[in-house]
Amino acid sequence: MASQVPVDGLPKDKTEMADDYNERGISFFNLRKYADAIQNFTKAIKIVGTDPDYYHNRGLAYYSMKMMDNAIKDYRKAVEIFPENSDYHNALGAALEDIGKLDEALESFNSAIKLENDVPDYYYNRGNVLWKLGRKEEALADYSRAVDLNRADQIFIYKRFQANVDLGRYEEALKDVDAAISLVPGNSFYIAHKARLLIRMGKKNDARSLLESFGKNQPLDGELESILKETE
């Protein structure tokens, strides 16, 4: 029989107590009170040390505080307890990437994708590691997979745009930046990137027309004014 401990006047078993601390930790985490979150996740772990979510959650709090060694230790524990959870592998991969352990990060993202192959973030994250490893074609393929899985996320599209520009595939890059602009038409950031790309492609007149058209709806900021001068 589970031991009964009175909390707030109500009897609760260890699992319920641990869940309470975990929920409090989540609340503190959402408020960005990471130290308090860690304290509550730790209490949950001390009561029930076999729940992988508690370690994962505490790892997220450590990660948010840039305490990478602690975060990685907790993520590894979560993976050890429940290796079938793709999110645990993805979180571990992100932390390993941040400290420069790219090969290990790649293994973690591979594991996440093997478990669940339709999550765009996993491909995006693996693509970033592959790019850093110099495996650019594979990275581009992962960015494309992320875009295919979620065409409404401008971040995925922009990353593929950057990759295509770096690889000299300007026509493909142009399609990507147009797609990003269609998602956020008033975003000067993407307008600037498209104008610079057009200039790089030798299409100064097109770049000027783009900027002048954009300027009819809102004033050009300093960056766009500077690019406009390059088209003269």
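The values are calculated or read from the model by the stated rules, or taken from the named source; none is laboratory data. Bear in mind the structure is a predicted one, so any value in this text is a computation, not a measurement. A quick note on method: Cβ atoms are made from the backbone with ideal geometry, for glycine too, and the neighbour counts reach across all protein chains shown.
Structural remarks
- Residue match in the stretch 129-150 (condition: hydrophobic (A, V, I, L, M, F, W, C), over 28 Å from Ser64 (Cα atoms) and more than 16 Å from the chain's Cα centre (by Cα)): yes
- Filter result (under 16 Å from Ile26 (Cα atoms) and of a type in the set (S, T, N, Q)) within the stretch 56-90: Asn57, Ser64
- Scanning the stretch 165-188 for residues that are buried (at least 16 other Cβ atoms within 10 Å of the Cβ) and either among the hydrophobic types (A, V, I, L, M, F, W, C) or under 20 Å from the mean Cα position of the chain (by Cα) (or both) yields Val165, Ala173, Leu174, Asp176, Val177, Ala179, Ala180, Ile181.
- The stretch 62-92, residues that are hydrophobic (A, V, I, L, M, F, W, C) and closer than 22 Å to Tyr122 by Cβ: Met68, Ala71, Ile72, Ala78, Val79, Ile81, Phe82, Ala91, Leu92
- Count of residues meeting criterion [closer than 21 Å to Ser111 by Cβ and part of a helix (DSSP H, G or I)] in the stretch 37-53: 2
- Among the candidates Ala95, Ala105, the residue that is without any contact (Cβ under 8 Å) to a residue 60 or more places away in the chain, part of a helix (DSSP H, G or I), more than 26 Å from Leu183 (Cβ to Cβ) and out of contact with any Phe, Trp or Tyr (no Cβ under 8 Å at 6 or more places or on another chain) is uniquely Ala105.
- Residue within the stretch 152-159 that is without any contact (Cβ under 8 Å) to a residue 40 or more places away in the chain, within 26 Å of Asn110 (Cα to Cα), outside any helix (DSSP H, G or I) and within 17 Å of the chain's Cα centre (by Cα) present: yes
- Residues within the stretch 185-220 that are modelled with pLDDT of 95 or more and part of a loop (DSSP other than H, G, I, E, B), tallied: 3
- Within the stretch 110-124, considering residues that are of a type in the set (D, E, K, R) and part of a helix (DSSP H, G or I), the one surrounded by the most Cβ atoms within 10 Å (Cβ to Cβ): Asp121
- Within the stretch 28-82, if we keep just the residues that are among the small types (Gly, Ala, Ser) and surrounded by fewer than 17 Cβ atoms within 10 Å (Cβ to Cβ), the residue that is nearest to Asp13 (Cα to Cα) turns out to be Gly49.
- Answer from Leu130, Leu92 - the residue that is under 30 Å from Gly49 (Cβ atoms), in contact with a helix residue (DSSP H, G or I) (Cβ under 6 Å, 6 or more places away or on another chain) and not hydroxyl-bearing (Ser, Thr, Tyr): Leu92
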